[in-house]
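K.L.:
Sharing a structure below in structure tokens format, with a few things to ask.
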Amino acid sequence: MLHATVDSVRAQIAAILAAWGAPPHLAETTAEVMAETDLMGVDSHGIAMLTMYEEMHRAGVLRLAGEPFLRRDYAAIALVDGADGLGHPAAMMAMKLAIEKARAFGIGAVGVVNSHHFGAAGCYARMAAAAGLMGLVASTARGVILVPTRAAEPVLGTNPIAFAAPLPGAPPMVLDMATTTVAANKVKAYHLREKDLPPGWVVDGAGRPVTAHAEAMEFVFRRREGGITPLGGGEETGGHKGYGLALMVQMLAGALVGGSFSALRARTARAGQPHNIGHLMIALDPRAFRDLADYEADAAATLALLRETPPADPALPVLAPGDPEEAARAERLSGGIPIPEALERQIREIAARAGAPFLLRAA
């Protein structure tokens, strides 16, 4: 397996996007977010996404030269139009604007419409935390993948949500999650490694677990019946609440801001029609609620108590949300980003078809 330097991963992504027609600044912004996602160990949403983006580009649904722009601006609230391009530049613009508004008003809420896949939601929540603010991110999804409780067919997407809180002198607490048991691209990541799935991630049309990685790909990406379970799994384990959480995200990042509901859109969508994915970026300034020193003291004490909790296994300390990603980042900065052989081959083929150089290099 190739362990590629982060610089070469970033350069490879930017080169392919530019070859497809993305202006340099949009290609570089997208590549920065995708490479950072790989550094954090979220392999399902980094360079591996180029396979899906190529399909979207060839189908004509992506407007890679589209420049995000401000459509509405009202006090602490705004709406960004993603111009039918990849979601990363539009989401970056929206969170930067939310941060500016939070500094002025204590809160900033910026929606995004006419967007596409934007990578890992946690990247944008971390932007707020880096600015000393709390960040909340929600997004709809293109795929109709989530099978509601008691249903035989999928209705919703993975509809991710992320939250980040700044901590004094330490990395932020970051929750980044799909509202399904796992993200769809995690199923793809297992397939690339020819690794079977744990039971409970994917089910067939009768609700039976599907664990074989190739068969799981069929139910998640190609068949009408079956799909991924909601967060919590089945009804007896609280899956109906995960389904409700996914629906909440659909309301916030879809109905509220004007993003599409993919299950309805699929009934009337024409070939080559953009996806109109919606996002919502919220930034909160703790100083609008209380003295910053008091917030920092409480936030630090909360995480300290969590980490001091006696572990069930002394060899495995209790983790806070965001800890695994920070550990992966430190490891991959020195040891490189792992690129499975199947993915390396796909990236070579994508680059060749695009007329871009193959730039991945070993760390």
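K.L.:
Short version: ³J(HN,Hα) in whole Hz for each residue of the stretch 196-210, in order, from phi by Karplus 6.51 cos²θ - 1.76 cosθ + 1.60 (θ = phi - 60°), x for Gly and Pro, what are they?
P.N.:
6, 8, x, x, x, 6, 10, 10, 8, x, 9, x, 7, x, 10
K.L.:
From the Cα trace of the stretch 294-363, what convex hull volume per residue do you get, rounded to a whole Å³?
P.N.:
Residue-normalised Cα hull volume stands at 157 Å³.
K.L.:
Do the sum for the chain: with -39,500 (n - 2.57) for every DSSP H run of n ≥ 4, divided by all residues, what is the mean residue ellipticity at 222 nm, to the nearest 500 deg cm²/dmol?
P.N.:
About -12500 deg cm²/dmol.
K.L.:
With the Cα gyration tensor of the stretch 173-216 giving a ≥ b ≥ c as the square roots of its eigenvalues, does the rule (a/c under 1.5 for rounded; else a/b larger than b/c for prolate; else oblate) give rounded, prolate or oblate?
P.N.:
oblate
K.L.:
Relative contact order of the chain: what whole-number percent is it, with Cα pairs under 8 angstrom and at least 6 residues apart?
P.N.:
23
K.L.:
Pairwise over distinct Cα atoms, reciprocal of the mean inverse distance: report the Kirkwood radius of the stretch 198-247 in Å, one decimal place.
P.N.:
10.9
K.L.:
On to the next question. Counting Lys and Arg as +1 and Asp and Glu as -1, each charge on the Cβ, what is the dipole of the stretch 143-295 about the Cα centre in debye, to the nearest 20?
P.N.:
480
K.L.:
Also, I was wondering about something else. Round to a whole number: what % of the accessible area of the stretch 1-156 belongs to carbon and sulfur, probe 1.4 Å?
P.N.:
Whole-percent figure for carbon plus sulfur exposure: 56.
K.L.:
If you don't mind, another one. Apply the Kirkwood formula to the stretch 241-285: the hydrodynamic radius equals the inverse of the mean of 1/r over all pairs of different alpha-carbon atoms; give it in Å with one decimal.
P.N.:
11.7
K.L.:
Starting from the amide H of Met173, placed 1.01 Å from N in the peptide plane, find each other amide H under 5 Å away whose residue is 5 or more places distant or on another chain.
P.N.:
Ala165, Leu167
K.L.:
Still on this structure, please answer the following. Could you give the dipole magnitude of the chain about its Cα centre, charging the beta-carbon of Lys and Arg +1 and that of Asp and Glu -1, in debye to the nearest 20?
P.N.:
Rounded to the nearest 20 debye, it is 1060 debye.
K.L.:
Additional query: Take each of the peptides 147-155, 289-297, 211-219, average the number of other beta-carbon atoms within 10 Å over its residues, and list them starting from the highest.
P.N.:
147-155, 211-219, 289-297
K.L.:
Now for a different question. Report, in debye and to the nearest 20, how large the dipole of the stretch 229-363 comes out about its Cα centre when Lys and Arg carry +1 and Asp and Glu carry -1 on their Cβ.
P.N.:
My answer is approximately 1020 debye.
K.L.:
With Cα extents along the principal axes in Å defined as stated, name the option among (i) 93, 54, 33; (ii) 71, 40, 39; (iii) 54, 47, 46 computed from the structure displayed.
P.N.:
Of the listed options (i) 93, 54, 33; (ii) 71, 40, 39; (iii) 54, 47, 46, (iii) comes from this structure.
K.L.:
Please report the accessible area of Arg208 (heavy atoms, 1.4 Å probe, ligands and nucleic acids excluded) in Å², nearest 10.
P.N.:
Per-residue accessible area (Arg208): approximately 140 Å².
K.L.:
Further question: With bins 10 Å wide starting at 0, give me the P(r) of the stretch 217-339 over every alpha carbon pair, in whole percents.
P.N.:
For the stretch 217-339, the pair-distance distribution reads 9, 17, 29, 30, 12, 2.
K.L.:
Once amide H atoms are placed 1.01 Å from N in the peptide plane, what residues at a sequence separation of 5 or more from Leu156, or on another chain, have their amide H within under 5 Å of its amide H?
P.N.:
So Leu156 has HN proximity to Ile145, Leu146.
K.L.:
Take peptides 313-319, 199-205, 340-346, 92-98 and line them up by average Cβ neighbours within 10 Å, highest first, as a rough protection proxy.
P.N.:
92-98, 199-205, 340-346, 313-319
K.L.:
Here's a follow-up. Starting from the eigenvalues of the Cα gyration tensor, five times each then square-rooted, give me the equivalent ellipsoid semi-axes of the stretch 31-100, largest first, whole Å.
P.N.:
Semi-axis lengths for the stretch 31-100 are 25, 18, 7 Å.
K.L.:
Here's a follow-up. Which of the listed residues, Ala312, Pro338, Ala351, is farthest toward the dipole's positive end in the stretch 303-354, when Lys, Arg count +1 and Asp, Glu count -1 at the beta-carbon?
P.N.:
Ala351
K.L.:
A follow-up question, please. Please report the accessible area of Met134 (heavy atoms, 1.4 Å probe, ligands and nucleic acids excluded) in Å², nearest 10.
P.N.:
Here the residue's solvent-accessible area equals roughly 50 Å².
K.L.:
For the stretch 80-93, just list the computed ³J(HN,Hα) in residue order, Karplus coefficients 6.51, -1.76 and 1.60, θ = phi - 60°, integers in Hz, with x standing in for Gly and Pro.
P.N.:
9, 9, x, 6, 6, x, 4, x, 4, x, 5, 5, 4, 4
K.L.:
Multiply the residue separation of Leu264 and Leu175 by 0.36 nm, subtract the distance between their alpha-carbon atoms, and state the gained length in nm to one decimal.
P.N.:
Result for the pair: 29.1 nm of gain on full extension.
K.L.:
How big is the gap, in Å, between the Cα center of the stretch 27-64 and the Cα center of the stretch 149-207?
P.N.:
A separation of 18 Å, based on Cα centres.
The values are calculated or read from the model by the stated rules, or taken from the named source; none is laboratory data. Keep in mind that what you see is a predicted model, and the values were worked out from it rather than measured. FYI the Cβ positions are ideal-geometry reconstructions off the backbone, even for glycines, and counts take in every protein chain you see. To get the accessible areas, we keep the full protein, side chains included, count just its heavy atoms, and leave off ligands, DNA and RNA. Shrake-Rupley method; radii C 1.70, N 1.55, O 1.52, S 1.80 Å.
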